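Since the structure comes first, as C-alpha cells, the remarks are kept for the end.
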Amino acid sequence: MSAAVTAMVVAAFLVPLFILVGDLARDTAISGAERDAESLARVLSVLAVEAGFEEAADVIGEDRIAAVDGSVILPDGAVAGLPVPADEDLSAVSAGSSFVATVGGGVAVYVPVLGPGDRTAVVRVFVQDAELDDGVLQSRVTLAALGLVLVGIAAWVADRLGRTLVNPVNRLADAASRLGHGDLAVRVDPEGPPEIEEVGIELNRLADQIGRLLQAERESAADLAHRLRTPLTAARLSVEGLDDGHQKERLDRDLDELERTTDFIIREARRPVRREVEAWSDLATVTAARIEFWNPLAVEQDRPVAVSITDEPTQLALPRGDVEAVVDALIENVLAHTPDGTQLSITVERDRGDAVLAVEDAGPGVSGPSVVERGASGRSSTGLGLDIVRRTVEEAGGSLTIGESRALGGAGIEIRLPIEPFS
C-alpha cells in the first residue's frame, strides 16, 4: 500500500516535471538562438552603416554566420550563411517585426536589421528539432530513476515500520493457535506498540488462568474417582465372603476391571493436558482382549457374537487406555441398549492406510446422528459413551460413521483410524 501511494504521489510530480523539462529545453535552445540572432544583427547593423549590407556580410564571413546556424538575407534577396527555403514568408520581419516561427525540421528566429536608405536585411538563426530536445531524454530517465528510488525507499521504510506491528501480531496469533490446540505451556514475550504489548500480557494471563482452571478440574476429577475406592473395597470384601464358584470368579474379575479403570481415571486426570503419545497400541489386539472381557455377559444374555479380526498389524498412535475406552463404549452400547438374544458383530480390518473397527447389531437401530452429542440419550443412559468415542477418534485424525447395519439390519457404527508405522 505504501508503494502504491508513493508511486501515485511520485507520478503526480513526475508527469508535470517531464513536461516542464521538455519546455525548458525548448526555451533554452530558442533563447540561445535569439541571443545569437541579436548579436549577429548588432554586428551587421554597425558594419552596414559605412559599408552597406553586402560588404558587412562579407566582413562577417559566411563561416561565422553558418557557425551559429544563421543566415543573413540581404535586401536584394541574396543569402549569406545557411540557405533559406524559398517558401518562407519574410514579409512580417521585412516590415520590422522580430519573431520566432516553426519551420520544417525545427524553429527559426527572425530579427530585422534597418540599414542605410531604409533598406532592411533579415538575420535568421535556425534551431533543429534535435537541439530543441537536447538532454530531455536523459533528464526524464534521471527523474524516473529518482522516482523509483523514492518508491523503493518508501516501501522499505513502510516494511520496517510494518514489521514492528505485524511480527508481534503473528507471534500472538501463533501462540493463540498453539494454546487453542492444548499447549498450555506456550507464552509470548510482550513486544511491539503498547496496545499489542498489552494483548501479549493478557494472553499470558489467560493461559495461566486456563492452566489453573484445568488443573483444578482435573484434581477434582481425580478426587471424585478416588472416592470410588471406598465402595469398591466394601464390594470386594463382600465378594470374598461368597462361596467359591463361577459367580465369585466373575465378580472378582469385574471388580479387578473396575479397580483398574479407577486407577486409570486418576492417572489420566493428573497427567498434563497436552502430551506426546506415551505408548502405541494395536487395535486388533485391544479389541480381542475387550471381547474376551465382555463375552461372559454376552453369553448370559444369550447373545450370538460374530468376531472377525485381521492378523495384520493395526498400530495406532493412541494409548491403550484410550483404545480400550472406545471399544468398551461401542460394545457396552449394544449390550445395554438392545434386547437379550440380539446378534452382535465385531470386525477389525485394514483398509489401505486405515484401521477399521465396525460394531453392528440386529437391534432397533439408532435414532439419528444426534446420539453422538454429549449427554444425548434416548434410553436412560448418561449419553457420554458415543461422545467419548467421537472425540477420541477425531483427536487421533480418524472418523466416526453411524448408520444402519447392512448385514444385520440394526445399528452399524464404524470408526476409521490412521495406521502408524512402527517406530
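Tally time: how many residues in region 297-333 are acidic (Asp, Glu) and closer than 21 Å to VAL389 by Cα?
4
Just to be sure before I move on: is LEU143 free of Cβ contacts under 8 Å to residues at least 12 places away in the same chain and either closer than 26 Å to LEU14 by Cα or not β-branched (Val, Ile, Thr) (or both) in the structure I sent?
Taking the combined requirement at face value, the residue does not satisfy it.
Quick one: is ALA51 free of Cβ contacts under 8 Å to residues at least 24 places away in the same chain and more than 60 Å from the chain's Cα centre (by Cα)? Step through it out loud before you land on a result.
Details: free of Cβ contacts under 8 Å to residues at least 24 places away in the same chain: yes; more than 60 Å from the chain's Cα centre (by Cα): yes.
Answer is yes for this residue.
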Given LEU90, LEU44, LEU40, LEU17, which one is modelled with pLDDT under 90 and in contact with a helix residue (DSSP H, G or I) (Cβ under 8 Å, 6 or more places away or on another chain)? LEU44
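For region 263-315, give me the residue count where each residue is acidic (Asp, Glu), at pLDDT 80 or above and within 48 Å of the chain's Cα centre (by Cα). If you could, list the steps in order and put the result at the bottom.
The initial filter retains those residues of region 263-315 that are acidic (Asp, Glu), namely 263, 268, 276, 278, 282, 292, 300, 302, 311-312.
Okay, now just the ones that are also at pLDDT 80 or above, so 282, 292, 300, 302, 311-312.
Filter again for within 48 Å of the chain's Cα centre (by Cα), leaving 282, 311-312.
Selection size over region 263-315: 3.
Working carefully through the options ARG374, ARG390, ARG352, find the one that is out of contact with any strand residue (DSSP E or B) (no Cβ under 9 Å at 6 or more places or on another chain), under 19 Å from SER281 (Cα atoms) and at pLDDT below 90.
ARG352
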Could we say that ASP76 is surrounded by fewer than 13 Cβ atoms within 10 Å (Cβ to Cβ), out of contact with any strand residue (DSSP E or B) (no Cβ under 6 Å at 6 or more places or on another chain) and more than 30 Å from VAL151 (Cα to Cα) here? yes
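Conditions tested, residue by residue: (1) on the phi < 0 side of the Ramachandran plot; (2) touching a Leu at 6+ places or on another chain (Cβ under 9 Å); (3) aliphatic (A, V, I, L, M); (4) in the same structural domain as GLY96 (by TED's automatic domain parsing).
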residue: GLY115; (1), (2), (3), (4): yes, yes, no, yes
residue: ARG119; (1), (2), (3), (4): yes, yes, no, yes
residue: VAL123; (1), (2), (3), (4): yes, yes, yes, yes
residue: VAL127; (1), (2), (3), (4): yes, no, yes, yes
residue: ALA130; (1), (2), (3), (4): yes, no, yes, yes
residue: ALA144; (1), (2), (3), (4): yes, yes, yes, no
residue: GLY147; (1), (2), (3), (4): yes, yes, no, no
residue: VAL151; (1), (2), (3), (4): yes, no, yes, no
residue: ALA158; (1), (2), (3), (4): yes, no, yes, no
LEU224 vs. criteria loosely packed, with under 12 Cβ neighbours inside 10 Å, assigned to a helix (DSSP H, G or I) and modelled with pLDDT under 90: no
The condition from (1) closer than 30 Å to GLY115 by Cα; (2) touching a Leu at 6+ places or on another chain (Cβ under 8 Å); (3) buried (at least 19 other Cβ atoms within 10 Å of the Cβ) that LEU40 misses is numbered (2)
Checking GLY77 against (1) of a type in the set (Gly, Ala, Ser); (2) without any contact (Cβ under 8 Å) to a residue 12 or more places away in the chain; (3) part of a strand (DSSP E or B), the condition it does not meet: (3)
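Take the residues in region 107-152 that are among the polar types (S, T, N, Q) and surrounded by 15 or more Cβ atoms within 10 Å (Cβ to Cβ), then tell me which one is nearest to PRO16 (Cα to Cα). Let's see the steps before the verdict.
Residues of region 107-152 that are among the polar types (S, T, N, Q), as a first pass: 120, 128, 138-139, 142.
Now restrict to residues that are surrounded by 15 or more Cβ atoms within 10 Å (Cβ to Cβ): 120, 139.
On the way: THR120: 43, SER139: 13 Å.
That would be SER139.
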Need pairs with beta-carbon distance below 6 Å; first residue on the phi < 0 side of the Ramachandran plot and within region 161-187, second exposed (fewer than 14 other Cβ atoms within 10 Å of the Cβ) and basic (Lys, Arg); sequence gap 6+ or separate chains. ASP183/ARG274
Looking at this structure, is VAL239 modelled with pLDDT of 90 or more, assigned to a helix (DSSP H, G or I) and in contact with a helix residue (DSSP H, G or I) (Cβ under 8 Å, 6 or more places away or on another chain)? no
When you check GLY341 against the structure, is it at pLDDT below 90 and in the same structural domain as GLY385 (by TED's automatic domain parsing), yes or no? no
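The values are calculated or read from the model by the stated rules, or taken from the named source; none is laboratory data. Values in this document were obtained by computation on a predicted structure and should not be read as measured data. Glycine gets a Cβ as well: all are built from the backbone with ideal geometry, and neighbour counts include every protein chain shown.
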